[in-house]
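First up is the structure itself, then whatever we jot down about it.
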Amino acid sequence: MSKPSDAQSNKMWGGRFAEGPDAIMEAINASIDFDRRLAKQDIEGSRAHAAMLAATGIVTDSDAQAIREGLLTVLSEIESGRFAFSTALEDIHMNVEARLTDLIGTPAGRLHTARSRNDQIALDFRMWVRDQTDAAIDALPRLIAALVAQAEAAPDWVMPGFTHLQTAQPVTWGHHMLAYAEMFHRDLGRFADARRRMNESPLGAAALAGTSFPIDRQMTAEALGFDRPAANSLDAVSDRDFALEFLAAASICAMHLSRLAEELVIWSSAQFRFVALSDRWTTGSSIMPQKKNPDAAELLRAKIGRIFGAQTALLMVMKGLPLTYSKDMQEDKEQVFDAADNLLLALAAMTGMVSDMAPQRAALEAAASSGFSTATDLADWLVRELDLPFREAHHITGALVKMAEDAGCDLPDLTLAQMQSVHGDITQAVFDVLGVHNSVASRTSYGGTAPANVRDQIARWKDRLS
Ligand code: ARG
């Protein structure tokens, strides 16, 4: 048996309680260790609420004034680290209100009129998630700009394009960089879209049913930067879609980050040497002096799992909860905090790595030229020049690849006579399409890898980013 807490029955809600909670009850119940991160939003929300209570005549101007000033003092105490958080006071709301009472006395007790911790936490958390959404919306264009800069520095360098991580066809470095720009731009759209939907104020829903006080929800919504008050009080206190949508957008973005991170790990290996990562984003080995490890990319690749986990965890918290608020919902925060921290860190790290990496032209081109990467170009030539059906051209090309493989050479190294032994109509002109530069230059279909297309796309991205 654990001992009861020393605390008296709770000052905020303890009217009907004869004794304080068991110490373990206090430990499981308290959220102050993590929801203190909502202090700024909590105080901002309370200040708007107090101003509204005065404007509607629910409290006097002088009480509202004392509350609003007192709250600024509390905020400065918290921000400067002078605030003594108390577990007995459970959460950020009651910690702030108790300190406000110390500072201004009786008027502090009027702040919670026409409000509940249910709409208060829904508001605080929503504003916090909105801030993180804005931070992601701010960070993504920087990453996209870094990718566009990489594309612009080497739009026409050739590299192997892969399917199944097997050499498929030559592509351009610029095209590969801009593929990621597309992904991160969709992420940007998802965050912006989630932000639009989350921007409704729950404040004034009170405990769950609204209030009999003549509050002005439009006023607090506007003061706090919301588009409108949420229309249904039951939904307002029990909705956590805003956090789930943030995590959904974050998860897809994180998945993109992990794919690029994986490519950086592969590309920077001694076997590939497609890119050199800068010293700023790598570490050495304590035993192997030659090592330059892509730790930032690896950590980023791994951290992504926390974001997926947060999404699953919050879905599990919310699933099956009857309307409206249940204490389960206190478990909505920690993983979202962690996910947001790690997403923003990952975005910043990736932006740094992309900006600093140096593609290695010779290694990229050598790899692009090996692995029979222009076999499709050869098949296309047979279709175009000899009017063969594509299936037959595919078969002939396959035989030529086999011949080159057996001879230990690549397609352009075969002689015309060897080629003609497979199909007599092949001419010297075929060698023009077997070079990787001609191959990429020929892929001019919209969205294709040709350097001319890449340059057009770079112009489009610069336009978009400005
Ligand atoms: N700490 C609580 C949470 O994070 C605040 C809301 C408490 N509401 C209540 N009815 N106990 O969810």
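The values are calculated or read from the model by the stated rules, or taken from the named source; none is laboratory data. From a predicted model like this one, the values you see are computed outputs, not experimental measurements. Here the Cβ is made from the backbone with ideal geometry for all residues, glycine too, and neighbour counts use every protein chain on show. Ligands, DNA and RNA are excluded from the accessible area calculation, which covers all protein heavy atoms including side chains. Shrake-Rupley method; radii C 1.70, N 1.55, O 1.52, S 1.80 Å.
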**Q.** Gyration tensor (alpha-carbon) shape descriptor, region 400-441, a/c threshold 1.5
**A.** oblate
Q) Amide H to amide H, which residues 5 or more places from Phe372 or on other chains are under 5 Å from it, using H placed in the peptide plane? A) Leu411
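With every protein chain present, what is the per residue accessible area of region 279-355 (1.4 Å probe, Å²)?
Working: 4060 Å² over 77 residues.
Per residue, region 279-355 has an accessible area of 53 Å².
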**Q.** Cα-based shape type of the chain, given that a ≥ b ≥ c are square roots of the gyration tensor eigenvalues and the cut on a/c is 1.5
**A.** prolate
Q. If you wrap region 29-91's Cα atoms in a convex hull and average its projection over all directions, what's the area in nm²?
A. 4.6 nm²
(Q) Using +1 at the C-beta of Lys and Arg and -1 at the C-beta of Asp and Glu, which of Ala313, Thr374, Ala297 has the Cα lying farthest in the positive direction of the dipole of region 297-391? (A) Ala313
Q. Once the whole set of protein chains is in place, how much accessible area is left on Asp102, using a 1.4 Å probe, in Å² to the nearest 10?
A. 110 Å²
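Considering just Cα atoms, how many Å³ per residue does the convex hull of region 332-421 enclose? Kindly include the intermediate steps, with their values, before the conclusion.
Numbers: hull volume 17.7 nm³, N = 90.
Dividing the Cα hull volume of region 332-421 by its residue count gives 197 Å³.
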Q: Using θ = phi - 60° and the Karplus relation 6.51 cos²θ - 1.76 cosθ + 1.60, list the HN-Hα couplings for region 263-276 in order, rounded to whole Hz, with x at every Gly or Pro.
A: 5, 5, 4, 5, 5, 8, 6, 5, 6, 9, 6, 6, 9, 9
Q) Tell me, what is the percent relative contact order of the chain, built from C-alpha pairs under 8 Å that lie six or more residues apart? A) 16 percent
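In whole percent, and with a 1.4 Å probe on the protein chains, what portion of the accessible area of the chain is carbon and sulfur? Show your work: numbers first, answer last.
Values: 11550 of 21850 Å².
That fraction is 53 percent.
Relative to the compact-globule scaling 2.2 N^0.38 Å, provide the ratio for the alpha-carbon radius of gyration of region 356-466. All intermediate terms of the calculation are to be shown ahead of the outcome.
On the way: Rg = 16.8 Å, N = 111, 2.2 N^0.38 = 13.2 Å.
Rg over 2.2 N^0.38 Å, computed on Cα atoms: 1.28.
Run the numbers on region 358-420 and let me know its relative contact order in percent, using alpha-carbon pairs under 8 Å that are six or more apart.
On the way: 31 pairs, mean separation 18.1, N = 63.
The normalised contact order for region 358-420 reaches 29 percent.
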Q | Surface/4 estimate of mean projected area, convex hull on alpha-carbon atoms of region 223-316, nm² | A | 9.9 nm²
Q. Tell me, what ³J(HN,Hα) does each residue in region 380-391 have, in order and in whole Hz, if you take phi through Karplus 6.51 cos²θ - 1.76 cosθ + 1.60 with θ = phi - 60° and put x for Gly and Pro?
A. 4, 4, 4, 5, 5, 8, 9, 6, 7, x, 4, 4
Q. How big is D, in µm² s⁻¹, for region 1-160 by Stokes-Einstein at 20 °C and 1.002 mPa s if Rh is the Kirkwood radius over C-alpha pairs?
A. 116 µm²/s
Q.
Rounding to the nearest 10 and keeping the result within 0 to 90°, find how far the Cα-based axis of helix 92-104 lies from the longest principal axis of the chain.
A. 40 degrees
Q: Please list the equivalent ellipsoid semi-axes of region 173-288, computed as the square roots of five times the alpha-carbon gyration tensor eigenvalues, in descending order and whole angstrom.
A: 47, 15, 11
Q | Helix-derived mean residue ellipticity, 222 nm - over the chain, DSSP H n ≥ 4, -39500 (n - 2.57), to 500 | A | -19500 deg cm²/dmol
Q) Using Cα atoms only, what is the angle between the long axis of helix 117-153 and the major principal axis of the chain, expressed in degrees (0 to 90) to the nearest 10? A) 20 degrees
Q) If one computes P(r) from the Cα atoms of region 89-243, what percent of pairs lie at distances over 27 Å? A) 47 percent
Q | Mean Cβ count within 10 Å, highest first, over the residues of peptides 12-25, 324-337 | A | 324-337, 12-25
Q.
Output the 0 to 90 degree angle, nearest 10, between the alpha-carbon long axis of helix 295-318 and the longest principal axis computed from the alpha carbons of the chain.
A. 50 degrees
**Q.** Calculated diffusion of region 275-390, Stokes-Einstein form, Kirkwood radius summed over Cα pairs, 37 °C and 0.692 mPa s, µm²/s
**A.** 171 µm²/s
